[in-house]
Amino acid sequence: MEPTKALPVAVIGAGPVGLAAAAHLLERGLEPLLFEAGPTAGTAIASGLPALGEDAAKDRISEPLPDVTGRDRAEFAGRRVLVVGAGHSAANTLISLAGLAKDEPDTRIFWVVRGASAEKVYGGGDADGLPARGQLGARVRRLVEAGRIELQTGFGIAALKDTHSGVSVHAVDGRVVEADVVVPCTGFRPDLDILHELRLDLDPAVEAPVRLGPLIDPEFHSCGTVPPHGAKLLAHPDKHFYIVGMKSYGRAPTFLLATGYEQVRSVVAALAGDREAADAVQLELPETGVCSTDAGSSCDVPAPATGGSDGEGACCAAPEPVLSHGRSASN
């Protein structure tokens, strides 16, 4: 590991897992060099394939996860807002918009999902292994049932048409939703262009490290059924190169931050030459609720929220995933 100790370790992406990797490197006496594409640490970038007419309507499409009650408030207050998607990004955005609508009653909230129901967003409720996650879905369900969110299911988007008064979003079955602004919450796939000069070993289905791919395939696994994994499963043919965090899961939507934190602990131990600590990977994750194989949505867990009885109730304290690992006697 002499070259690694002589040169800094490049960490590409200053999100939660990237920052955790930097902290572990410093603890091990290694120098991290962080690279972030966004203006600040924690910037998230999402991309996807455009729908017909999307480019022409781009001025009507917001960034993913907009700050609807803060810096982006003017873009949404008193307007017709359409949220597209069935993951936790959509759920968080819907809840924020409902809060905005309490102060700005002219705000209308539309929500469309491609699936036949929104049950995968509503999740397991009180049965969820992470209560805060279960409460997220329960809050959205109450807002829909109260009529504060207008939901349409089975809505596969065929085209967008920019109009003088807004944007028309057309479904493949002929339905149309008229909105002033569209919030895309439709997931992502990793952009690996920067890695074209490296030798990667990726699963062809989920675009994750080849040994990890079958273990996280959402057709067969949920967040809670993914076995503990670290440096061994995350390695690629080019020595000392690893993809960690959300991007290590490729297109699989079942990543949990606790998984990423344990990944980087193991990888940094491997870079420091401590194979015993790198291989001692253990992580116990909850298996119930929205994280089941039929959920098909991101597994990020929001911070507990406070609120009243109007569909935005407080989240109870949640048991954390259990991390347990050891280090060698020399560390």
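Each value in this text was obtained by applying a stated rule to the coordinates, not by laboratory testing. Values in this document were obtained by computation on a predicted structure and should not be read as measured data. Quick reminder, even Gly has a Cβ in these numbers, built from the backbone with ideal geometry, and neighbours come from all protein chains shown.
For the residues THR186, THR254, THR163, what sequence is obtained by ranking on other C-beta atoms within 10 Å, fewest first?
On the way: THR186 19, THR254 24, THR163 10.
The fewest-first ordering by Cβ neighbours comes to THR163, THR186, THR254.
Where a Cα-Cα gap under 24 Å defines reach, which lysines qualify for LYS120, not counting those fewer than 8 residues away within the same chain?
Of all the lysines, those that pass the test against LYS120 - Cα under 24 Å, at least 8 places apart if same chain - are LYS247.
Can you list the lysines whose alpha carbon sits under 19 Å from that of LYS161, skipping same-chain ones fewer than 8 residues off?
Partners within reach: LYS58.
Principal axis extents for the stretch 83-205, Cα atoms only, whole Å, descending order, please.
Cα spread of the stretch 83-205 along its principal axes, largest to smallest: 54, 44, 29 Å.
Show me, for the stretch 63-69, the HN-Hα J-couplings you get by feeding each phi into the Karplus relation (A = 6.51, B = -1.76, C = 1.60, θ = phi - 60°), rounded to Hz, glycine and proline as x.
6, x, 6, x, 8, 6, 9
List SER165, SER62 from most exposed to least, where exposure is judged by having the fewest other Cβ atoms within 10 Å.
Going from least to most buried by this count: SER165, SER62.
Find the centroid of the Cα atoms in the stretch 233-257 and in the stretch 157-218, then give the distance between the two in whole Å.
Using only Cα atoms, the two centres lie 19 Å from each other.
Taking the Cα atoms of the stretch 144-288 alone, what are Rg (to one decimal) and Dmax (as a whole number) in Å?
So, for the stretch 144-288, Rg and Dmax equal 20.4, 64 Å respectively.
Can you put LYS120, LYS58 in order, fewest other beta carbons within 10 Å first?
Sorted ascending by nearby Cβ count, the order is LYS58, LYS120.
Summarise the long-distance tail of P(r) for the stretch 63-150 by giving the % of C-alpha pairs beyond 16 Å.
Roughly 50 percent, rounded to a whole number.
If you take the square roots of the eigenvalues of the alpha-carbon gyration tensor of the stretch 13-98 and sort them as a ≥ b ≥ c, do you get rounded (a/c under 1.5), prolate (a/b over b/c) or oblate? Numbers along the way, then the final one.
Values: a/c = 2.78, a/b = 2.11, b/c = 1.32.
Taking the square roots of the gyration eigenvalues as a ≥ b ≥ c, the stretch 13-98 is prolate.
I'd like the trypsin sites (Lys or Arg not before Pro) in the stretch 219-276 restricted to DSSP loop residues with at most 12 other Cβ atoms within 10 Å, sorted by number.
Sites meeting the loop and neighbour criteria: LYS239.
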